[in-house]
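What follows is calculated from the coordinates using simple rules that are stated; it is not laboratory data. In this text the structure is predicted, and so the values were computed from the model without any measurement. Cβ atoms come from the backbone with ideal geometry, glycine included; neighbour counts cover every protein chain shown.
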Amino acid sequence: MMNLLWAAACTVALQGVAPASAQSYPSKPITIVVPFAAGGPADTLARLLGERMKTSLGQPILVENVAGAAGSIGVGRVVRAAPDGYTISIGHLGTHVFNGAMYNLQYDLVKDLEPIALLPSNYSIIVTKKDVPAKTLKDLVAWLKANPKQASAATAGIGSIAHVASVYFEDKTGVALQIVPYRSGAAAFSDVLAGHVTLIFDQFTGGSVEMYRSGKVRPFAVAAKSRLPSVPDLPTVDEAGIPGLYVSTWYGLWAPKGTPTEIIAAGYNSNAAKLPGYIRRAGAGWKSLIPRETQLYLQIYQSLESLMRSRENHTRKIQKR
């Protein structure tokens, strides 16, 4: 794990400095900018990484939550930061693909950021408030159609992964959902937990298992091809009756553009063989991932655009916390 942290440090070394000087880095606290409010999956992952980086690097790792506009404000904060290794970003499919496809951003997600590492992926779970009477996913679809006033879905904002997944769910099932956007995934989940909104595409984390088992919310299916070892009794969407409704989220670390490529290469080349399998080197393949998936998403988005527009009259904007 120490090798992983050293690799992360090397990727954000000072601009224009020779690789040898990376030995003096860092000399002050490092900030990881999370583009969402505290408590969500991105925030949790950032804090876990931060704890390990602090032990290895000997400097405090500060987690700064900069929420708003589906994560684009927090990403912009890093784009504008000096490429000196002391401000890095954690983001995911939504912040670095969906936002670029949907919004006219004040920065270029490919040209203005330097990818560091590809982090673990998260699958989504279809979860509802506890008092929904349905027993299976097919029952849930039927119940939502029969009770349109209760057919609501919480999301982490317009254009977020949960939002796109909800629209995908509509397209697959014929259910008309009232899309309810929040400032963060944590706030969205809290209102499902409180019973104010009916369902959510919840990004699966370690804490999800305890919540599901507590009975405070009801998981119906994992939006993936295979079951998850942590919840082996939870069927896949294929098994539950909505084949192909797959929703997963990859995460990554970025630095401002200008981070020296030779230091990135040196850090990974010297440690790549020892890195854990779930951390993948940021190379040409990953750099092409964002534009490639942006084009793919644009095709999906365009096919669903008319459906999304037809649902706009169902959208109720809620600002929470």
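Structure data summary
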item	result
Most to least packed among 223-235, 192-204 [average Cβ atoms within 10 Å]	192-204, 223-235
Size descriptor, Kirkwood hydrodynamic radius, that averages inverse alpha-carbon separations across region 44-128, Å	14.5 Å
Cα-based Rg of region 174-215 normalised by 2.2 N^0.38 Å, two decimals	1.23
Given charges at beta-carbon only (K, R positive; D, E negative), |dipole| of region 36-136 in Debye	360 debye
More than 14 angstrom apart: percent of Cα pairs within region 155-197	47 percent
Residue among Pro256, Leu199, Val222 farthest towards the positive dipole end of region 130-271, charges placed on Cβ	Leu199
